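The values are calculated or read from the model by the stated rules, or taken from the named source; none is laboratory data. All values derive from a computational prediction rather than experimental measurement. Neighbour counts are summed over all protein chains in view; Cβ atoms, including those assigned to glycine, are modelled from backbone coordinates with ideal geometry. Areas reflect the complete protein model, heavy atoms only, side chains present, ligands, DNA and RNA absent. Shrake-Rupley method; radii C 1.70, N 1.55, O 1.52, S 1.80 Å.
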Amino acid sequence: MALEGTPRQLPFVEETVLKKRKDNEDWAVRNRERKAAKRQRRRDDGKGAIKRPEEFVREFRNKELDFLRMRTRLKVRKQPPAEGLSSKLIFAIRIPGTVELHPHIKKVLRKLRLTKVLTGVFLKATELTLKRLLVVEPFVTYGFPNLKNVKELIYKKGRGFFDKEPFPLTSNDLIEKALGDHGIICLEDVVHEIATVGPHFREASSFLMPLKLKCPERRLQMKKKPYKDGGDSGNRGDKINELIEKLN
């Protein structure tokens, strides 16, 4: 037993380890400064950008073309009944595409909570949901996730929203405060409610913030044609699980 007043010997750390720590700290500082400077350059470039008249015309025509195609899809396509689908759970992903969208398409994307590229949400398969997905089909891809991917998405990417503040799903106490009135008191309950599309699915899915996904090695192309025709948008069915594994 060490005598009182005897100085404790500090643990030995090799010089190479100390140097590596110092290099890592310096690199982290430089990286933060580089990213901050890059963000500032983008802001400055955006302020000084002046659009040519033909760019405004092209954007307007693209918006109107998207709107006309949307109306045509709603008239021509026959949506399958929600009861006949293989799963009641849909996972929808916002894919890269046109920045300037028609106001009506923007409105539907806001209702689906898919305003940011490469974010995903869980949806219940209803007639209204399927109609909304058809409206914004060129800008989203969706399908039926399996239980494994539902778990991994929520565990890895899940963030809750309580009292107007987002938080990681590491505290069952906060989950109970947010959803306890609906019998959901822990993370496992959230996963179960989403995966089974339970009676309180709406509350559980609204509690989850849109999941931020990573960019795949092969960027999703914006061809504005369905997945079945060689594009990246629209209904993938069970094939959505392959995409989820790449983005998770």
**Prompt:** Can you spot a residue in region 147-154 that is within 16 Å of residue 81 (Cα to Cα) and part of a helix (DSSP H, G or I)?
**Reply:** no
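Okay, residues lined up against (1) in contact with a strand residue (DSSP E or B) (Cβ under 7 Å, 6 or more places away or on another chain); (2) under 28 Å from residue 158 (Cα atoms); (3) in contact (Cβ under 8 Å) with a residue 40 or more places away in the chain:
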{"residue": "58", "(1), (2), (3)": "no, no, no"}
{"residue": "69", "(1), (2), (3)": "no, no, yes"}
{"residue": "76", "(1), (2), (3)": "no, no, no"}
{"residue": "79", "(1), (2), (3)": "no, no, yes"}
{"residue": "86", "(1), (2), (3)": "no, yes, yes"}
{"residue": "89", "(1), (2), (3)": "yes, yes, yes"}
{"residue": "94", "(1), (2), (3)": "yes, yes, yes"}
If we ask which residues in region 92-114 are open to solvent by 10 Å² or more (accessible area, probe 1.4 Å) and within 11 Å of residue 211 (Cβ to Cβ), their number turns out to be 2
Given the structure, is residue 82 in contact with a Ser or Thr (Cβ under 7 Å, 6 or more places away or on another chain) and either open to solvent by 80 Å² or more (accessible area, probe 1.4 Å) or of a type outside the set (Phe, Trp, Tyr) (or both)?
yes
Residue 117 fails exactly one of (1) modelled with pLDDT of 90 or more; (2) among the hydrophobic types (A, V, I, L, M, F, W, C); (3) in a loop (DSSP other than H, G, I, E, B); (4) surrounded by fewer than 18 Cβ atoms within 10 Å (Cβ to Cβ), namely (1)
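Results for (1) of a type in the set (D, E, K, R); (2) more than 19 Å from residue 190 (Cβ to Cβ), shown as yes or no for each residue.
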position: 113; (1), (2): yes, no
position: 121; (1), (2): no, no
position: 131; (1), (2): yes, yes
position: 134; (1), (2): no, yes
position: 143; (1), (2): no, yes
position: 152; (1), (2): yes, no
position: 166; (1), (2): no, no
Only one of (1) in a strand (DSSP E or B); (2) free of Cβ contacts under 8 Å to residues at least 24 places away in the same chain does not apply to residue 176, and that is (1)
Exception for residue 193 within (1) touching a His at 6+ places or on another chain (Cβ under 7 Å); (2) exposed (fewer than 14 other Cβ atoms within 10 Å of the Cβ) falls at (2)
Per the list (1) touching a residue at least 24 places away in the same chain (Cβ under 8 Å); (2) touching a strand residue (DSSP E or B) at 6+ places or on another chain (Cβ under 7 Å); (3) open to solvent by 10 Å² or more (accessible area, probe 1.4 Å), residue check on residue 141 breaks on (3)
